[in-house]
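Undergrad: Sharing a structure below in structure tokens format, with a few things to ask.
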Amino acid sequence: MLDAEELKQKVVDCLQTIYDPEIPVSIYELGLIYEINILPLNNVQIVMTLTAPSCPAAQTIPVEVDQKVREIEGVNDVHVAVTWTPAWNKTMMSEAAQLELGML
């Protein structure tokens, strides 16, 4: 059985494969993931945001996050919460994302 840190790394790796359809950068590198909590019994809680409330993918990205994280071996249950506080802004992106988008 994986320990919490190993499982959290697997979740991060998984999130790096999920992309905003309008931006060629993973949601993790975009800074859309605010929290990843590994709870008892390998339940995963993710707090995330989207680039804007009107984001066309607002309905699909959280569902994709839930489905893909559930597929990780050892994960028992997943809860994805979308928040708008704090509001996402470009400074939350990783350096790699800023480079990819020509912002550095």
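Undergrad: Mind checking which residues of region 29-57 are among the small types (G, A, S) and touching a residue at least 12 places away in the same chain (Cβ under 8 Å)? Working first, answer last.
TA: Looking only at region 29-57, we keep the residues that are among the small types (G, A, S), and these are 31, 52, 54, 57.
Once the filter is applied, which keeps residues that are among the small types (G, A, S) and touching a residue at least 12 places away in the same chain (Cβ under 8 Å), region 29-57 yields G31, A52, A57.
Undergrad: Restricting attention to region 36-78, report how many residues are over 19 Å from T17 (Cβ atoms) and charged (D, E, K, R).
TA: 1
Undergrad: Taking the stated definitions as given, is I27 in contact with a helix residue (DSSP H, G or I) (Cβ under 7 Å, 6 or more places away or on another chain), within 17 Å of T83 (Cα to Cα), buried (at least 18 other Cβ atoms within 10 Å of the Cβ) and modelled with pLDDT of 95 or more?
TA: Values: in contact with a helix residue (DSSP H, G or I) (Cβ under 7 Å, 6 or more places away or on another chain): yes; within 17 Å of T83 (Cα to Cα): yes; buried (at least 18 other Cβ atoms within 10 Å of the Cβ): yes; modelled with pLDDT of 95 or more: yes.
Taking the combined requirement at face value, the residue satisfies it.
Undergrad: Would you point out which residue out of V47, V63, V78 is surrounded by 18 or more Cβ atoms within 10 Å (Cβ to Cβ), under 13 Å from the mean Cα position of the chain (by Cα) and either of a type in the set (F, W, Y) or modelled with pLDDT of 95 or more (or both)? Show your work before the answer.
TA: Working: V47 fails: surrounded by 18 or more Cβ atoms within 10 Å (Cβ to Cβ); V63 fails: surrounded by 18 or more Cβ atoms within 10 Å (Cβ to Cβ).
None of the others qualify; the one that does is V78.
The values are calculated or read from the model by the stated rules, or taken from the named source; none is laboratory data. Everything numeric in this text was worked out from a predicted model, so none of it was measured. So basically every Cβ, Gly included, is an ideal-geometry build from the backbone, and we count neighbours across all protein chains shown.
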